[in-house]
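Student: My questions all concern the structure below.
Rule-based calculations on the coordinates, nothing more; no lab input. Keep in mind it's a predicted model, so treat the numbers as computed, not measured. So basically every Cβ, Gly included, is an ideal-geometry build from the backbone, and we count neighbours across all protein chains shown.
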Amino acid sequence: MVAILGKLDEFRGESKFTTWAYKFALYEAAATIRKLAWQGRELPLEAEDWPQVPNPGPAPHGEVEMNDLLAAIRQEIEASLTPRQREVLVALALNEVPIDVLADRLGSTRGALYKTLHDARQKLRAALASRELTIDETEEEDR
């Protein structure tokens with residue numbers, strides 16, 4: 001109730017108050033649960049902590065192309081991104097750290113992290129395009 005009362009000035013009246021309050025409470029509860037799940041856990045931010053893609057050995061043509069693309073992505077993450085972009089991309093996109101948790105740990109905001117992630121992904125796509133490699137947007141969204 002205190003959180004709802006604190007955000008009362010944001011209620012625009014576009015829906016019933018109870019609907020707005022219910023939705024707000026659900027979002028607050030979900031954010032709190034995500035934060036609690038990561039409480040006390042170390043955040044893997046360094047390159048050594050990146051998820052490892054197993055080497056399948058001799059593979060069909062499609063898997064070889066995928067392994068080449070993954071190797072190029074790893075190289076471009078190291079070469080093209082700033083340390084901050086690398087840190088945010090690794091935590092959010094590769095290690096699936098919730099953005100609220102990362103914002104708290106880094107002393108940042110969700111908006112700043114979204115912007116950093118957006119810039120990192122844009123820079124990464126441009127670097128891959130210069131190598132004539134692309135990531136299919138529909139495949140990326142499915143992951």
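Student: Run the simple label-point estimate for Arg84 and Leu5 please: 7 Å along Cα→C-beta, distance reported in nm.
Tutor: 3.8 nm
Student: Using the basic label-point model (7 angstrom from Cα toward the beta carbon), what is the Leu94 to Ala126 distance in nanometres?
Tutor: 2.1 nm
Student: Still on this structure, please answer the following. So, by mean Cβ neighbours within 10 angstrom, what's the order for 67-74, 122-129 with the highest one leading?
Tutor: Ranked by mean Cβ neighbours within 10 Å, highest first: 122-129, 67-74.
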